[in-house]
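A quick write-up on the structure given underneath.
The values are calculated or read from the model by the stated rules, or taken from the named source; none is laboratory data. This one's a predicted model, so the numbers in the text were calculated from it and none came from an experiment. Ideal geometry is used to build each Cβ from the backbone, glycine not excepted, and the neighbour counts take in all protein chains shown. The area values use the complete protein model at the heavy-atom level, side chains included, leaving out ligands, DNA and RNA. Shrake-Rupley method; radii C 1.70, N 1.55, O 1.52, S 1.80 Å.
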Amino acid sequence: MKKRYTHKIFKNLCKGCSLCVHYCPKNVLEIGDDRKVIAARPDDCIGCHMCEMRCPDFAIQVHVCEEEEKEKVK
Amino acid sequence: MFNEHIFDYLRTDKLPHIWCPGCAHGIIVGSLVRSIEKLKIDKNKIAVLSGIGCSGRTPGYLDMNTLHTTHGRSLTFATGIKMAKPELTVIDVMGDGDAVAIGGNHFIHACRRNIDIKAIIFNNNIYGMTGGQYSPTTPTNYYASTAPYGNVETPFDIVKLAKGAGASFVARADAFHIGLLDNVIQKALSHKGFSVVEVMATCPTQFGRRNKMKEPYQMLDFVAERAISLKKWQEMSEEERKGKFPIGIFVDEQREEYVETYEKNVIERAKKGDR
Ligand code: SF4
Ligand code: SF4
Ligand code: SF4
C-alpha cells in the first residue's frame, strides 16, 4: 500500500519564502493567503523530506500518517 | 531521521531567527543539527563559536555552549577553548568575510597547526549584514554595493587556500545538495584535526537583489547550477569549468593534532622539568 504523509507546519516560524514549494517534486505545497505554507495536495507527497531539509526556518516536517504507523505495530 | 528532533537542539524561545526569508543560513544550521544528532554527540559537550555577520547569529539559536565573538577572530577563541577543554567538540561558524578577509591570517594558521576545530564557512559571497559590500569571495563581474560596475577582483578559492595552508580535512558542499552537505558535515565532525567545510550559501537580500536573483529560489538555483561533483569536475575541460566549482571532499588525512602534540611535547615535559 502506498504510504501516506502528513505535513506538520509551524506557522509561527514560516516566512513564506517558497523554497519548499519551488523544490517539491510533486507540487504538494502552496503559499496560502496568509503568506505561510500549506500542504494543498498531501496525497501526492512521496515523503522525500526535501521541503523539510531545505526549509531555512525549520517550519515544516513530514511524517508518515499515524494510522499507518499503528498498522505497522499490529 | 530528518528534522524530527531539531527543536531539542535549538533555543526555541529565540525563534523565528533573524535571517531574511529564504536565506540559506538556516538550511546549513539544520544540516549541522541533524549531523550532531546522527553522530549522537552530547550537545553539552559541544562549543559553537562565531564571528560577526549574518552567520555570526548561529550560536544564538543553538542550545549548546556558545560564544559570539569578534569579527574574524572566532578561531582564536576557539583555539583557546580547545586547548583548555580538549574533550569538547569545537565548531566554529564563520562567514566568508570572517574566514578569509579580516580573519584570513587566523584561518591559515589554524590550518597550519592542524588544531581539532571544525570550521564551517557559510560562504554567501558578500557582506550581507553590513549592506552588501563585496567580499573576497564575490565572483568577478557580479554586483555589490561597493562594486556598482561589477566586481573586478578574482575571488578566493577557500578549498585551495585551506589545502595549501595545511588543513587535514577540507570539503566543499552547498545549501542545495543536502545529502552531500549532511555527509561532509558529519565527516568533519568525526575528523580529528582542523576540518574545513566551505558551504556555498545564498544571500537573496544583498547579493540576489543586486544580481537579478531576488527570489530565494533563484539564488539557490544559482548555487545548485554551479556546483559540480568532484568526479564530474575531473572530467571537465578548463572551458567547461568556467564559473562553476567542484563539491566533495578534497583532503582527508590523519595528521598529528596540535593539542595532543602540545600536551605531549610541552606540558608533560614541563611537568617533569625535562628541558
Ligand atoms: S516530502 Fe517531498 S514530496 Fe512531500 S511535500 Fe515535501 S518535498 Fe514535496
Ligand atoms: S521553506 Fe520553510 S519558511 Fe519557506 S515557505 Fe516553506 S515552510 Fe515556509
Ligand atoms: S542579509 Fe543576506 S545573508 Fe544576511 S540574513 Fe539576509 S539574506 Fe541572509
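Consider A:ARG41 carefully, then state whether it is touching a helix residue (DSSP H, G or I) at 6+ places or on another chain (Cβ under 8 Å), charged (D, E, K, R), in contact (Cβ under 8 Å) with a residue 12 or more places away in the chain and more than 14 Å from chain B (Cβ to nearest Cβ). Don't jump to the end; show me each part of the working.
On the way: touching a helix residue (DSSP H, G or I) at 6+ places or on another chain (Cβ under 8 Å): no; charged (D, E, K, R): yes; in contact (Cβ under 8 Å) with a residue 12 or more places away in the chain: yes; more than 14 Å from chain B (Cβ to nearest Cβ): yes.
So A:ARG41 does not fit the description; no.
Which members of region A:12-25 meet the condition of being within 12 Å of another protein chain (Cβ to nearest Cβ) and exposed (fewer than 14 other Cβ atoms within 10 Å of the Cβ)? Show your work before the answer.
Step one: filter region A:12-25 for residues within 12 Å of another protein chain (Cβ to nearest Cβ), giving A:12-24.
Within region A:12-25, just A:ASN12 meets the criteria.
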In this structure, does B:LEU39 turn out to be more than 16 Å from ligand 3 (Cβ to nearest atom), more than 14 Å from chain A (Cβ to nearest Cβ) and open to solvent by 40 Å² or more (accessible area, probe 1.4 Å)? yes
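Inspect region B:45-52 for any residue being at negative phi, within 16 Å of ligand 3 (Cβ to nearest atom) and either charged (D, E, K, R) or open to solvent by less than 30 Å² (accessible area, probe 1.4 Å) (or both) and give the result as yes or no.
Taking region B:45-52 first, the residues at negative phi are B:45-52.
If we keep only those that are within 16 Å of ligand 3 (Cβ to nearest atom) as well, we get B:50-52.
Within this subset, residues satisfying the condition of being either charged (D, E, K, R) or open to solvent by less than 30 Å² (accessible area, probe 1.4 Å) (or both) are B:50-51.
Within region B:45-52 (the criterion being at negative phi, within 16 Å of ligand 3 (Cβ to nearest atom) and either charged (D, E, K, R) or open to solvent by less than 30 Å² (accessible area, probe 1.4 Å) (or both)), the answer is yes, since at least one residue qualifies.
So which of B:GLU37, B:GLU4 ends up being within 16 Å of ligand 2 (Cβ to nearest atom), closer than 25 Å to A:LEU13 by Cβ and charged (D, E, K, R)?
Values: B:GLU37 fails: within 16 Å of ligand 2 (Cβ to nearest atom).
None of the others qualify; the one that does is B:GLU4.
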When region B:126-139 is examined, which residues are found to be open to solvent by less than 60 Å² (accessible area, probe 1.4 Å) and either part of a loop (DSSP other than H, G, I, E, B) or closer than 15 Å to B:PHE222 by Cα (or both)? B:ILE126, B:GLY128, B:GLY131, B:GLY132, B:SER135, B:PRO136, B:THR137, B:THR138, B:PRO139
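Tally up the residues in region B:87-103 that are in contact with a helix residue (DSSP H, G or I) (Cβ under 8 Å, 6 or more places away or on another chain) and either of a type in the set (A, V, I, L, M, F, W, C) or surrounded by fewer than 24 Cβ atoms within 10 Å (Cβ to Cβ) (or both), please. Quick ask: steps written out before the conclusion?
We begin by selecting, within region B:87-103, every residue in contact with a helix residue (DSSP H, G or I) (Cβ under 8 Å, 6 or more places away or on another chain); these are B:87-96, B:98-100, B:103.
Adding the requirement that they be either of a type in the set (A, V, I, L, M, F, W, C) or surrounded by fewer than 24 Cβ atoms within 10 Å (Cβ to Cβ) (or both) leaves B:87-91, B:93-94, B:99-100.
So the answer is 9.
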Of the residues that sit in region B:18-27 and are at the interface with chain A (Cβ under 7 Å from one of its Cβ atoms) and under 17 Å from B:MET129 (Cβ atoms), which one is most open to solvent (accessible area, probe 1.4 Å)? B:PRO21
What are the pairs, 6+ residues apart or on separate chains, where a residue within region B:211-231 that is in contact (Cβ under 8 Å) with a residue 24 or more places away in the chain and closer than 19 Å to B:GLY22 by Cα has its Cβ under 6 Å from a residue that is within 16 Å of ligand 2 (Cβ to nearest atom) and part of a helix (DSSP H, G or I)? B:PRO216/A:LEU19; B:PRO216/B:PRO204; B:TYR217/A:LEU19; B:TYR217/A:HIS22; B:MET219/B:PRO204; B:MET219/B:GLY208
Give me the pairs: first residue in region B:101-121 and of a type in the set (Lys, Arg), second residue open to solvent by 10 Å² or more (accessible area, probe 1.4 Å), beta-carbon distance under 6 Å, and six or more apart or on different chains, which are they? B:ARG112/B:ALA165; B:ARG112/B:GLY166; B:ARG113/B:TYR258; B:LYS118/B:LEU189
Unmet requirement for B:ALA201, which otherwise passes all of (1) open to solvent by 10 Å² or more (accessible area, probe 1.4 Å); (2) in contact (Cβ under 8 Å) with a residue 24 or more places away in the chain: (1)
Quick check, is A:VAL64 among the hydrophobic types (A, V, I, L, M, F, W, C) and surrounded by fewer than 16 Cβ atoms within 10 Å (Cβ to Cβ)? yes
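Got a sec? Which of B:VAL29, B:VAL33 is within 16 Å of ligand 3 (Cβ to nearest atom), aliphatic (A, V, I, L, M) and touching a His at 6+ places or on another chain (Cβ under 9 Å)?
Details: B:VAL33 fails: within 16 Å of ligand 3 (Cβ to nearest atom).
Of the residues listed, the single one that is within 16 Å of ligand 3 (Cβ to nearest atom), aliphatic (A, V, I, L, M) and touching a His at 6+ places or on another chain (Cβ under 9 Å) is B:VAL29.
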Would you confirm whether or not region B:20-41 contains a residue that is farther than 25 Å from B:ILE115 by Cβ and out of contact with any helix residue (DSSP H, G or I) (no Cβ under 8 Å at 6 or more places or on another chain)? yes
Scan region B:69-76 and give yes if some residue there is over 26 Å from B:LEU220 (Cβ atoms), open to solvent by 50 Å² or more (accessible area, probe 1.4 Å), away from chain A (no Cβ under 14 Å) and within 16 Å of ligand 3 (Cβ to nearest atom), otherwise no. yes
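State all residues of region B:73-90 that are assigned to a strand (DSSP E or B) and either at pLDDT below 95 or touching a Ser or Thr at 6+ places or on another chain (Cβ under 9 Å) (or both); if no residue qualifies, say none. Step through it out loud before you land on a result.
First pass over region B:73-90, keeping only residues assigned to a strand (DSSP E or B): B:89-90.
The answer is B:VAL90, and nothing else.
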Among residues belonging to region A:26-59 that are away from ligand 2 (no atom under 14 Å from the Cβ) and among the acidic types (Asp, Glu), point out the one that is surrounded by the most Cβ atoms within 10 Å (Cβ to Cβ). A:ASP44
